[in-house]
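Only one structure is covered here, and it is reproduced in the block below.
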Amino acid sequence: MSAQSIVLAGGCFWCVEAVFLDIIGVESVVSAYTGGSSKNPSYEAICTGTTGHAEVVALSYDDSVISLPDLLRIFFTVHDPTTLNRQGHDTGTQYRSAIFYSSQAQLDIAKSVIDQLKQDKIFYDEIVTTLEPLGELYEAEEYHQNYFAKNPDNAYCRASIAPKSAKIVENFAEFLRG
């Protein structure tokens, strides 16, 4: 096992977290905040859109089971990387599409995956996902962790997660936990 990590922002972290928990090789998914300037931000502060932070998921994964390029392809499938600071009805910089890299290798892989998506013309509109160096990562409040599993009747999550899960089944079934 070779433990690796990557931090991704693709809208509401509840929904992104739920999708990645079903992926083989993903060892943990932590909802968090990063990319802003304030120290120890709260969810309430993040929601104002004034902190600069994004809602993110910090993935720990075994790269002998799933590669970073495969995780990034899944990431680009389960959110809209062509909408600036918006995912569905969620708007603001806290919902931006971003990859927070911690090494030159991660940055190079992210650029390569984006270049391939562009070359393959996967998206009609331009990809606006930002590539940002990972700064301080602040774990979100406990009630955000594994949110959908604890709140399966949440209508927002059910409506948002179902289409994401369907895309994974359609495009990446080989990466789903059995």
> Looking at (1) modelled with pLDDT of 95 or more; (2) crowded, with 21+ Cβ neighbours inside 10 Å, which is the one condition that is false for Gln87?
Replying inline: (1)
> Here is a list of conditions, (1) surrounded by fewer than 13 Cβ atoms within 10 Å (Cβ to Cβ); (2) in contact with a strand residue (DSSP E or B) (Cβ under 6 Å, 6 or more places away or on another chain), and Glu174 meets all of them except one; can you say which number that is?
Replying inline: (2)
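Is it true that His79 is surrounded by 20 or more Cβ atoms within 10 Å (Cβ to Cβ) and over 23 Å from Ile122 (Cβ atoms)? Even if it seems obvious, please write down each step before you answer.
On the way: surrounded by 20 or more Cβ atoms within 10 Å (Cβ to Cβ): yes; over 23 Å from Ile122 (Cβ atoms): no.
Spelling it out, it is not the case that His79 is surrounded by 20 or more Cβ atoms within 10 Å (Cβ to Cβ) and over 23 Å from Ile122 (Cβ atoms).
The rows are residues; the columns are (1) surrounded by 16 or more Cβ atoms within 10 Å (Cβ to Cβ); (2) part of a loop (DSSP other than H, G, I, E, B); (3) of a type outside the set (Gly, Ala, Ser).
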site: Pro41; (1), (2), (3): yes, yes, yes
site: Ile46; (1), (2), (3): yes, no, yes
site: Val56; (1), (2), (3): yes, no, yes
site: Pro69; (1), (2), (3): no, no, yes
site: Ile74; (1), (2), (3): yes, no, yes
site: Ala105; (1), (2), (3): no, no, no
site: Phe123; (1), (2), (3): no, yes, yes
>> So the check is Cβ under 6 Å with 6+ separation or different chains; which pairs have a first residue in region 1-23 that's closer than 15 Å to Thr77 by Cα and acidic (Asp, Glu) and a second one that's modelled with pLDDT of 95 or more and in a strand (DSSP E or B)?
In response: Glu17/Val29; Glu17/Ser31; Glu17/Val57; Asp22/Leu176
>> Given the criterion farther than 19 Å from Glu132 by Cβ and without any contact (Cβ under 8 Å) to a residue 60 or more places away in the chain, identify the matching residue among Ser42, Ser67, Ser38.
In response: Ser67
> What is the one condition in (1) over 16 Å from Val26 (Cβ atoms); (2) in contact with a Ser or Thr (Cβ under 7 Å, 6 or more places away or on another chain); (3) of a type outside the set (Asp, Glu); (4) at pLDDT 95 or above that Asn171 does not satisfy?
Replying inline: (4)
>> If Ala155 meets every condition in (1) free of Cβ contacts under 8 Å to residues at least 40 places away in the same chain; (2) under 21 Å from Asp80 (Cβ atoms); (3) surrounded by 11 or more Cβ atoms within 10 Å (Cβ to Cβ) apart from one, which number is that one?
In response: (3)
>> I'd like the full set of residues that are closer than 11 Å to Ile6 by Cα and either assigned to a loop (DSSP other than H, G, I, E, B) or out of contact with any Leu (no Cβ under 8 Å at 6 or more places or on another chain) (or both), limited to region 91-103.
In response: Ser102, Ser103
> Which condition number in (1) within 19 Å of Leu59 (Cα to Cα); (2) over 14 Å from the mean Cα position of the chain (by Cα) is the one that Pro152 fails?
Replying inline: (1)
> Does at least one position in region 133-144 carry a residue that is assigned to a loop (DSSP other than H, G, I, E, B), modelled with pLDDT of 95 or more and farther than 30 Å from Glu44 by Cβ?
Replying inline: no
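Among the residues of region 110-121 satisfying the criterion of being surrounded by fewer than 17 Cβ atoms within 10 Å (Cβ to Cβ) and in contact with a helix residue (DSSP H, G or I) (Cβ under 9 Å, 6 or more places away or on another chain), which is nearest to Ala54 (Cα to Cα)?
So in region 110-121, the residues surrounded by fewer than 17 Cβ atoms within 10 Å (Cβ to Cβ) come out as 111-112, 115-116, 118-121.
Filter again for in contact with a helix residue (DSSP H, G or I) (Cβ under 9 Å, 6 or more places away or on another chain), leaving 112, 116.
Numbers: Ser112: 23, Gln116: 25 Å.
Filtering region 110-121 for residues that are surrounded by fewer than 17 Cβ atoms within 10 Å (Cβ to Cβ) and in contact with a helix residue (DSSP H, G or I) (Cβ under 9 Å, 6 or more places away or on another chain), the one nearest to Ala54 (Cα to Cα) comes out as Ser112.
Let's see how each residue does on (1) at positive phi; (2) modelled with pLDDT under 95; (3) aromatic (Phe, Trp, Tyr):
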site: Ala3; (1), (2), (3): no, yes, no
site: Val7; (1), (2), (3): no, no, no
site: Gly25; (1), (2), (3): yes, no, no
site: Tyr33; (1), (2), (3): no, no, yes
site: Glu44; (1), (2), (3): no, no, no
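The values are calculated or read from the model by the stated rules, or taken from the named source; none is laboratory data. Since the structure is predicted, the reported quantities are computational estimates derived from the model, not experimental observations. For neighbour counting, all protein chains shown are included, and Cβ atoms are generated from backbone atoms with ideal geometry for every residue, glycine included.
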